[in-house]
Amino acid sequence: MNGIRWTCVAGLLVLATAGCSADSHAAAAPPSPAPAHTWQRITPSCPAMQSPPYGIDSTGKRAEDAVALGEQQVIDQVAPGATFEHAVCRYSDPGFNSPGINTDVKIFTGDAGIAQATALFDREETAAKRLGVDYADVPALGDDAFAWYFEPELYLAARSGNAYVVVRTTPGPEATATFDKLQPLRQQIPALTPVMTDALNALR
């Protein structure tokens, strides 16, 4: 545990010699990874966005939190019997012609919560890659994160411990007209990241 490695003379166990000794030159063991978060709940009110993009209102309100049938089927496949706390926050009213953001938060409960959140994250990441649309890994956000652009909407998904969070953003045609034609998603990730940070900071 302390990084000291015990070695034997000439690298062999020779009982006739002095035997084993501490190797002070051994490389120190790598630090243990930080324990994963186990979240219990979501704040009752929607967090105010610190840096709302695309002219979207920073104040959100809770929306209907029912899980779509297709999404529930995926959860049943990758995490049978999973239970979770679920909340959806809506900022402005996202639509094809009006900018808005929806944040969808799921906190998986029980001892298997982290494994279940991870399974859902992995399944949806694989699906996003298979869409053949603009896709990007997003480092240093939660435990893991990825984004994709399914025109006209931008998506950013992250996992933190037993929580899985998806931010769906509709920039609106006025904003998308300014997007980079070759790499629109990568150009917009800096605008999406603070929104996800606000959502993750609302976990308790």
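When the Karplus curve 6.51 cos²θ - 1.76 cosθ + 1.60 is applied with θ = phi - 60°, which whole-Hz ³J(HN,Hα) does each residue of the range 76-83 get, with x for Gly and Pro?
Values per residue, Gly and Pro as x: 5, 6, 8, 9, x, x, 5, 10 Hz.
Probe radius 1.4 Å, ligands and nucleic acids ignored: give me the carbon and sulfur share of the accessible area of the range 87-200 as a rounded percent.
52
Please give every one of the lysines within straight-line cross-link reach of Lys106, meaning a C-alpha to C-alpha distance under 25 Å, and leave out same-chain neighbours fewer than 8 residues apart.
Within reach: Lys61, Lys129.
Under a plain spin-label model, where a point goes 7 Å from the Cα along Cα-to-Cβ, how far apart in nm are His37 and Phe150?
A separation of 2.5 nm, rounded to one decimal place.
Per 0.36 nm of contour for each residue apart, how much would the distance between Gln73 and Thr109 grow if the chain were fully extended, relative to their Cα-Cα spacing?
Values: separation 36, 0.36 × 36 = 12.96 nm, distance 1.81 nm.
Once the chain is fully extended between Gln73 and Thr109, it gains 11.2 nm.
Non-local amide H neighbours of Asp144 (under 5 Å, H modeled in plane, Pro and chain starts lacking H): which ones?
Placed amide hydrogens put Arg159 under 5 Å from Asp144.
At 7 Å along Cα-to-Cβ for each site, give me the label-to-label distance between Ala177 and Arg62 in nm.
Result: 3.9 nm between the two label points.
Could you state, as a whole-number percent, how many of the C-alpha pairs of the range 60-202 are farther apart than 28 Å?
Tail of P(r) above 28 Å: 15 percent of Cα pairs.
Modelled label-to-label distance, Lys129 and Arg204, 7 Å Cα→beta-carbon offset: nm?
It is 3.7 nm.
Ignoring ligands, DNA and RNA, what accessible area per residue does the range 60-202 give at 1.4 Å, in Å²?
47
What percent does the relative contact order of the range 60-202 come to when contacts are Cα pairs within less than 8 Å and at least six residues apart?
Answer for the range 60-202 is 22 percent.
The values are calculated or read from the model by the stated rules, or taken from the named source; none is laboratory data. For clarity, every value in this text was computed on a predicted model and none was experimentally measured. Cβ atoms come from the backbone with ideal geometry, glycine included; neighbour counts cover every protein chain shown. Keep in mind that these areas ignore ligands, DNA and RNA; they rest on the heavy atoms of the full protein, side chains included. Shrake-Rupley method; radii C 1.70, N 1.55, O 1.52, S 1.80 Å.
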